[in-house]
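For reference, the structure is listed below as C-alpha coordinates.
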Amino acid sequence: YCSNWDEVSIDSDLEVPADSWSLTLYSPAVDGLPDAIQRGALIELRYENETVLKGVVDRIQEPLSRQGGRLTLSGRDLVAVLLDNSVPVLVQQQVTIEELALKWVLTDFSSVIHNFLFLRELDQLQTLVAIEPSESIWSALTKAAESVGQYIWIDAAGTLIIGNPFTQPQPAAQNLII
(Lines give C-alpha, C1' and ligand atoms only; values in the text may rest on other atoms or scores of the structure.)
Protein backbone atom coordinates (compact mmCIF):
# COMPACT_ATOMS: atom_id res chain seq x y z
CA TYR A 1 0.00 0.00 0.00
CA CYS A 2 2.68 2.46 1.03
CA SER A 3 6.46 2.42 1.22
CA ASN A 4 6.95 5.79 2.92
CA TRP A 5 5.43 5.65 6.41
CA ASP A 6 5.81 8.68 8.66
CA GLU A 7 6.18 6.61 11.83
CA VAL A 8 7.22 2.98 12.25
CA SER A 9 7.44 1.12 15.54
CA ILE A 10 8.44 -2.51 16.16
CA ASP A 11 8.68 -3.87 19.69
CA SER A 12 10.60 -7.14 19.89
CA ASP A 13 11.51 -9.24 22.92
CA LEU A 14 12.40 -12.93 23.07
CA GLU A 15 10.51 -13.34 26.34
CA VAL A 16 7.29 -11.75 25.00
CA PRO A 17 5.34 -13.70 22.39
CA ALA A 18 3.88 -11.82 19.44
CA ASP A 19 6.11 -8.81 18.84
CA SER A 20 3.98 -5.72 18.28
CA TRP A 21 4.28 -3.26 15.40
CA SER A 22 2.55 -0.13 14.17
CA LEU A 23 2.73 2.04 11.07
CA THR A 24 1.41 5.59 10.87
CA LEU A 25 0.85 7.75 7.82
CA TYR A 26 -0.05 11.40 8.40
CA SER A 27 -2.33 13.03 5.83
CA PRO A 28 -2.95 9.86 3.80
CA ALA A 29 -4.57 9.94 0.40
CA VAL A 30 -8.36 10.07 0.68
CA ASP A 31 -8.91 7.20 -1.76
CA GLY A 32 -9.27 4.76 1.15
CA LEU A 33 -7.48 1.54 1.83
CA PRO A 34 -7.22 -1.28 -0.67
CA ASP A 35 -9.55 -4.19 0.08
CA ALA A 36 -6.57 -6.42 0.93
CA ILE A 37 -5.74 -4.29 3.98
CA GLN A 38 -8.14 -5.38 6.69
CA ARG A 39 -8.06 -6.91 10.17
CA GLY A 40 -6.45 -10.33 10.04
CA ALA A 41 -4.52 -9.63 6.84
CA LEU A 42 -0.94 -10.89 6.65
CA ILE A 43 1.70 -8.19 6.23
CA GLU A 44 5.42 -8.07 5.60
CA LEU A 45 7.49 -5.18 6.92
CA ARG A 46 10.66 -4.51 4.92
CA TYR A 47 13.55 -2.15 5.31
CA GLU A 48 15.29 -1.67 1.98
CA ASN A 49 15.39 -5.27 0.67
CA GLU A 50 15.38 -7.06 4.02
CA THR A 51 12.30 -8.54 5.69
CA VAL A 52 12.14 -7.19 9.23
CA LEU A 53 8.89 -8.80 10.37
CA LYS A 54 5.94 -10.79 9.07
CA GLY A 55 2.73 -10.33 10.96
CA VAL A 56 -1.00 -9.88 11.16
CA VAL A 57 -3.03 -6.65 11.14
CA ASP A 58 -4.98 -6.38 14.40
CA ARG A 59 -6.24 -2.80 14.22
CA ILE A 60 -6.84 -0.09 11.63
CA GLN A 61 -7.43 3.47 12.79
CA GLU A 62 -8.35 6.37 10.51
CA PRO A 63 -9.14 9.32 12.81
CA LEU A 64 -9.99 12.65 11.21
CA SER A 65 -9.46 16.02 12.89
CA ARG A 66 -9.08 19.67 11.92
CA GLN A 67 -5.38 19.08 11.35
CA GLY A 68 -6.11 16.37 8.78
CA GLY A 69 -6.31 12.64 8.62
CA ARG A 70 -4.08 9.93 9.96
CA LEU A 71 -3.88 6.23 9.15
CA THR A 72 -2.45 3.81 11.70
CA LEU A 73 -2.11 0.09 11.15
CA SER A 74 -1.03 -2.02 14.10
CA GLY A 75 -0.66 -5.68 14.86
CA ARG A 76 1.56 -8.51 15.99
CA ASP A 77 4.02 -10.90 14.39
CA LEU A 78 2.99 -14.39 13.25
CA VAL A 79 2.99 -15.75 16.81
CA ALA A 80 -0.37 -13.97 17.13
CA VAL A 81 -1.98 -16.68 14.99
CA LEU A 82 -0.72 -19.36 17.39
CA LEU A 83 -1.73 -17.34 20.46
CA ASP A 84 -5.25 -16.74 19.17
CA ASN A 85 -5.98 -20.40 18.35
CA SER A 86 -6.43 -23.29 20.76
CA VAL A 87 -5.28 -26.85 20.40
CA PRO A 88 -7.98 -29.14 18.99
CA VAL A 89 -10.48 -30.45 21.53
CA LEU A 90 -9.88 -34.05 20.51
CA VAL A 91 -6.17 -33.88 21.18
CA GLN A 92 -4.20 -36.67 22.77
CA GLN A 93 -3.09 -35.80 26.27
CA GLN A 94 0.67 -36.44 25.92
CA VAL A 95 2.59 -35.17 22.87
CA THR A 96 6.14 -34.27 21.87
CA ILE A 97 7.19 -30.94 20.42
CA GLU A 98 7.71 -32.62 17.05
CA GLU A 99 4.10 -33.87 17.02
CA LEU A 100 2.85 -30.40 17.96
CA ALA A 101 4.87 -28.81 15.18
CA LEU A 102 4.02 -31.27 12.43
CA LYS A 103 0.40 -32.13 13.32
CA TRP A 104 -1.01 -28.73 14.23
CA VAL A 105 1.17 -25.89 13.14
CA LEU A 106 2.39 -27.08 9.74
CA THR A 107 -0.93 -28.78 8.96
CA ASP A 108 -3.45 -26.20 10.19
CA PHE A 109 -1.42 -23.00 9.73
CA SER A 110 0.69 -23.78 6.67
CA SER A 111 -0.57 -20.63 4.93
CA VAL A 112 1.00 -18.53 7.70
CA ILE A 113 3.97 -20.52 9.04
CA HIS A 114 5.77 -22.32 6.24
CA ASN A 115 8.53 -24.16 8.04
CA PHE A 116 10.17 -25.17 11.28
CA LEU A 117 13.80 -25.15 12.26
CA PHE A 118 14.93 -27.43 15.07
CA LEU A 119 18.34 -26.38 16.41
CA ARG A 120 18.74 -29.71 18.23
CA GLU A 121 18.43 -33.27 16.99
CA LEU A 122 14.84 -34.49 17.12
CA ASP A 123 15.77 -37.55 19.19
CA GLN A 124 16.75 -35.11 21.98
CA LEU A 125 13.28 -33.51 21.88
CA GLN A 126 11.11 -36.54 22.57
CA THR A 127 9.83 -35.65 26.05
CA LEU A 128 6.06 -36.06 26.35
CA VAL A 129 4.11 -33.05 27.60
CA ALA A 130 0.51 -32.91 28.86
CA ILE A 131 -1.61 -30.54 26.75
CA GLU A 132 -4.98 -29.15 27.80
CA PRO A 133 -7.72 -28.83 25.12
CA SER A 134 -8.34 -25.12 25.80
CA GLU A 135 -4.64 -24.20 25.75
CA SER A 136 -3.36 -21.92 22.99
CA ILE A 137 -1.13 -23.58 20.42
CA TRP A 138 1.67 -21.15 21.35
CA SER A 139 1.35 -22.08 25.03
CA ALA A 140 1.49 -25.79 24.18
CA LEU A 141 4.58 -25.29 21.99
CA THR A 142 6.28 -23.20 24.69
CA LYS A 143 5.53 -25.82 27.35
CA ALA A 144 6.93 -28.58 25.13
CA ALA A 145 10.06 -26.55 24.29
CA GLU A 146 10.71 -25.67 27.95
CA SER A 147 10.36 -29.34 28.93
CA VAL A 148 13.51 -30.08 26.89
CA GLY A 149 15.33 -26.89 27.89
CA GLN A 150 14.69 -24.98 24.65
CA TYR A 151 13.16 -21.68 23.56
CA ILE A 152 10.72 -21.08 20.75
CA TRP A 153 10.50 -18.00 18.51
CA ILE A 154 9.67 -16.87 15.00
CA ASP A 155 12.34 -15.14 12.93
CA ALA A 156 11.71 -12.20 10.60
CA ALA A 157 11.07 -14.48 7.63
CA GLY A 158 8.31 -16.35 9.49
CA THR A 159 10.22 -19.55 10.32
CA LEU A 160 9.30 -21.08 13.67
CA ILE A 161 12.55 -21.93 15.47
CA ILE A 162 12.95 -24.30 18.39
CA GLY A 163 16.34 -24.25 20.09
CA ASN A 164 18.57 -22.17 22.31
CA PRO A 165 19.56 -18.80 20.84
CA PHE A 166 22.22 -18.40 23.52
CA THR A 167 24.38 -21.34 22.39
CA GLN A 168 25.76 -19.31 19.50
CA PRO A 169 28.64 -17.07 20.56
CA GLN A 170 27.67 -13.40 20.52
CA PRO A 171 30.05 -10.79 19.11
CA ALA A 172 32.08 -9.07 21.79
CA ALA A 173 31.07 -5.51 22.53
CA GLN A 174 33.63 -2.82 21.87
CA ASN A 175 34.67 -0.70 24.81
CA LEU A 176 33.70 2.93 24.63
CA ILE A 177 36.65 5.12 25.55
CA ILE A 178 35.79 8.66 26.47
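The values are calculated or read from the model by the stated rules, or taken from the named source; none is laboratory data. Only a predicted model underlies this, so the values are computations on that prediction, with no experimental measurement involved. Ideal geometry is used to build each Cβ from the backbone, glycine not excepted, and the neighbour counts take in all protein chains shown. The area values use the complete protein model at the heavy-atom level, side chains included, leaving out ligands, DNA and RNA. Shrake-Rupley method; radii C 1.70, N 1.55, O 1.52, S 1.80 Å.
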So, R0 is 35 Å and r is the distance between the beta-carbons of Ser12 and Arg66; what FRET efficiency does that work out to, to 0.05?
0.50
If R₀ is 22 angstrom, what is the calculated FRET efficiency for the pair Glu48 and Asp155, using the beta carbon separation as r and rounding to 0.05?
0.80
The percentage of the accessible area of segment 19-77 (probe 1.4 Å, all protein chains present) made up of carbon and sulfur atoms, to the nearest whole number, is 45
